[in-house]
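Just below is one structure, and these are the notes that go with it.
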Amino acid sequence: QVQLVESGGGLVQPGGSLRLSCAASGSIFSIAAMGWYRQAPGKQRELVAAIRSGGSANYVERFTISRDNAKNTVYLQMNSLKPEDTAVYYCNARINDGSGYTDYWGQGTQVTVSS
């Protein structure tokens, strides 16, 4: 069994910063891509940033994704936050759990940007 546990969400004022973390645990043979998605009320879930096992990444302006392969952890540094960044942020990872690669999701962490 594999679990993704997110942390770091919360309430922040516009212009502030937050750092999200997501740690994978359980039966893990290898991890390919890891990423962050977000879903705002009434909107579809969208990709925020993704990073491959070798470290190459794609990300949006103001956000930086990184990973620590030794800890099976992915991070999302969010700077200059805006009210429109308010959403539930979900961690995703493509993990080989011994029976091939499967996409796993975290439970989500709320990020609220408001004064």
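The values are calculated or read from the model by the stated rules, or taken from the named source; none is laboratory data. In this text, all values refer to a predicted model and were calculated from it rather than measured experimentally. No Cβ is skipped: glycine too gets one built from the backbone with ideal geometry, and neighbour counts run over all protein chains shown. Just the protein is used for accessible areas: all its heavy atoms, side chains included, with ligands, DNA and RNA removed. Shrake-Rupley method; radii C 1.70, N 1.55, O 1.52, S 1.80 Å.
Based on protein heavy atoms only, the chain ends up with 53 Å² per residue of surface accessible to a 1.4 Å probe.
Taking the protein heavy atoms of the range 1-68 in the context of the full set of protein chains, the accessible area attributed to carbon and sulfur is 47 percent at 1.4 Å. With contacts taken as Cα pairs under 8 Å at a separation of at least 6 residues, the chain carries a relative contact order of 36 percent. Sequentially through the range 33-45, phi angles give Karplus couplings (6.51, -1.76, 1.60; θ = phi - 60°) of 6, 10, x, 10, 10, 9, 9, 8, x, x, 10, 7, 5 Hz, Gly and Pro residues having no value and appearing as x. Under the combined filter of DSSP loop state and at most 13 neighbouring Cβ atoms within 10 Å, the range 7-44 retains these chymotrypsin sites (Phe, Trp or Tyr not before Pro): 29.
Here the Karplus relation 6.51 cos²θ - 1.76 cosθ + 1.60, evaluated at θ = phi - 60°, turns the backbone of the range 99-110 into coupling constants of 10, x, 7, 9, 7, 10, 10, x, 7, x, 9, 7 Hz, with x for every Gly and Pro.
With +1 on the Cβ of every Lys and Arg and -1 on the Cβ of every Asp and Glu, and nothing else charged, how large is the dipole of the range 30-69 about its Cα centre, in debye rounded to the nearest 20?
About 120 debye.
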